[in-house]
There are 2 protein chains.
Amino acid sequence: MDRTKRNERIGAMIKILSDTPNRVYTLNYFSDLFGAAKSSISEDVDIAQGILERFSLGSLETSTGANGGVKYVTFADPDASKRFIQEMCIRLSDPDRILPGGYLYIYDILSNPSMVARMGRIMAQWFYRTRPDFVVTVETKGIPVALMVAQSLNVPLIFARREARISDGSMVTINYVSGSSHNIQTMSLPKRSIREGQRALIIDDFMKGGGTIRGLMDMMREFSVTVVGSGVVISTAAERRLVEGVRSLMVLHHVDETTRRVEIRPSQYI
Amino acid sequence: MDRTKRNERIGAMIKILSDTPNRVYTLNYFSDLFGAAKSSISEDVDIAQGILERFSLGSLETSTGANGGVKYVTFADPDASKRFIQEMCIRLSDPDRILPGGYLYIYDILSNPSMVARMGRIMAQWFYRTRPDFVVTVETKGIPVALMVAQSLNVPLIFARREARISDGSMVTINYVSGSSHNIQTMSLPKRSIREGQRALIIDDFMKGGGTIRGLMDMMREFSVTVVGSGVVISTAAERRLVEGVRSLMVLHHVDETTRRVEIRPSQYI
């Protein structure tokens, strides 16, 4: 490859690193790719880091030693995140979203790629320092946001199913009690998807009584796995909870079918 | 903001544009963000485009007029994609993946964020010119890869459910026949998730007889929506199909429980 200019190297480096957050690339990788000396690559990394920080686009972390190199760490700018979650609350407060039974239509928000990507980055940042080995959720609506959290942390996503399927091989199945409706429910996970001693981050779309999160915690115990944190997109206020310490992006205070009012606000973590 | 240097502007611009593929940013947006003249921004775009092309990292498309600006278009380098799919075939050929009944364990591949991101980019490129308004799939295992296709195309993901849920509001439900097992199955989509006249791209994880894809096509007809294309991660060979023209990344030729051999190869589209 012909000699590369600094702005070429920096542009390509930022793209490559940010495409796979939390994955370490050696300086030799870039040195080979760009046909440039390692000392130049080191300077490039410093400049790239300055650019990302200046525009609140993330950061680079460098490490030394045998497995040393540089990786991209996602960053959700606090002010921009706050505005984003506030806008989402306004959108979700639309009375047209009120469904029979006092449910709120959130399906579109939870499967919009750019929205779940932003939500995922905020949640990934909450739990980055807990070093999970995987993200776990239950099908179905939490999968998109959980996938985005997993992508930001560069770990696999694992999703429990409501029914065991023959095409997933041997499964571990547990029964749990829904925290709000007190129904008995079932979830199953492929036996080989998790190894003993790993660290799990639980992500889900909606928490009312906390029964599903509690079920996931029980499931993780079956696998001898440590739960390092739990996060949901929306939690409801003023509900007795089966679990503590679950972070949410938004808190749903009230859905009134008669007055057609929805009260949903950013959580204390935003 | 202080004056920005060219390499700062280019690095930040590549990051911002590639974070949201297929979304148009005006030159004024960057001009304001960087405190630079529009003529400089225009030159930055040209340089950024050169960098992305040189390293096969995607491309920029510029448009003029009232809604004019610049957008990032994902690109999957053909050689790199071929190597990636070949490696995936090797991984999937592991005899330990053979499940009772001749099924293949693919769960881990389909929920690995960096793998589904790469698969999603390849599939997005196949269908980019068909300009879909949304991507549609059926729960559950196809959701991660379908979300990544949707992200690359900057369109919503819509997923049908096996059972209608009260929390999704009014649903359209259809029955369809599985192409391989001939069982009657059901899928439901929220009524308000789709508008008449839109263009749908169907993405799923696995196609055997094609019954699910056919079901999704029938469902789209219920919504008066045009199907612009269909893609799956793995299709099986030598099976009578209910549908034609479905692209796949890999073709599964054979799973033999006795000899413990799996034969899976990149498709003709790779």
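Every number in this text was worked out from the coordinates using simple rules, so none of it is lab data. Bear in mind the structure is a predicted one, so any value in this text is a computation, not a measurement. Cβ coordinates were reconstructed from backbone atoms using ideal geometry, including for glycine residues, and neighbour counts include every protein chain displayed.
Numbers for the structure displayed
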{"read-out": "FRET efficiency for A:E196 and B:K5, using Cβ-Cβ distance with R0 set to 45 Å, rounded to 0.05", "value": "0.30"}
{"read-out": "Taking B:K82, B:K71 and counting other C-beta atoms within 10 Å, the order from fewest to most", "value": "B:K82, B:K71"}
{"read-out": "Gyration tensor verdict on the protein assembly as shown (Cα atoms; rounded if a/c is under 1.5, prolate if a/b is larger than b/c, oblate otherwise)", "value": "rounded"}
{"read-out": "Whole-Hz ³J(HN,Hα) from phi, Karplus 6.51 cos²θ - 1.76 cosθ + 1.60, for segment B:209-214, glycine and proline x", "value": "x, x, x, 5, 4, 4"}
{"read-out": "Where GluC sites (Glu not before Pro) in DSSP loops with at most 13 other Cβ within 10 Å are excluded, longest remaining stretch of chain B", "value": "B:1-162"}
{"read-out": "Overall form of chain A per C-alpha gyration tensor (a/c, 1.5; a/b vs b/c)", "value": "oblate"}
{"read-out": "Helix-only [θ]222 nm of chain A, DSSP H runs n ≥ 4, -39500 (n - 2.57) each, per residue, nearest 500", "value": "-11000 deg cm²/dmol"}
{"read-out": "Residue among A:L52, A:L92, A:L33 with the largest mean-square fluctuation in a Gaussian network model of chain A, springs linking Cα atoms under 10 Å", "value": "A:L33"}
{"read-out": "Distant-in-sequence amide H partners of A:V136 (H built 1.01 Å from N, under 5 Å)", "value": "A:I158, A:L201, A:I202, A:I203"}
{"read-out": "Charge dipole magnitude, Cβ of K and R +1, D and E -1 - the protein assembly as shown, Cα centre, debye nearest 20", "value": "60"}
{"read-out": "Rounded to 5, percent antiparallel among DSSP beta bridges of the protein assembly as shown", "value": "50"}
{"read-out": "Magnitude of the charge dipole, segment A:15-70, Cβ model with Lys/Arg +1 and Asp/Glu -1, debye to 20", "value": "80"}
{"read-out": "Trypsin sites (Lys or Arg not before Pro) restricted to DSSP loop in segment B:181-223 with at most 14 other C-beta within 10 Å", "value": "B:R195"}
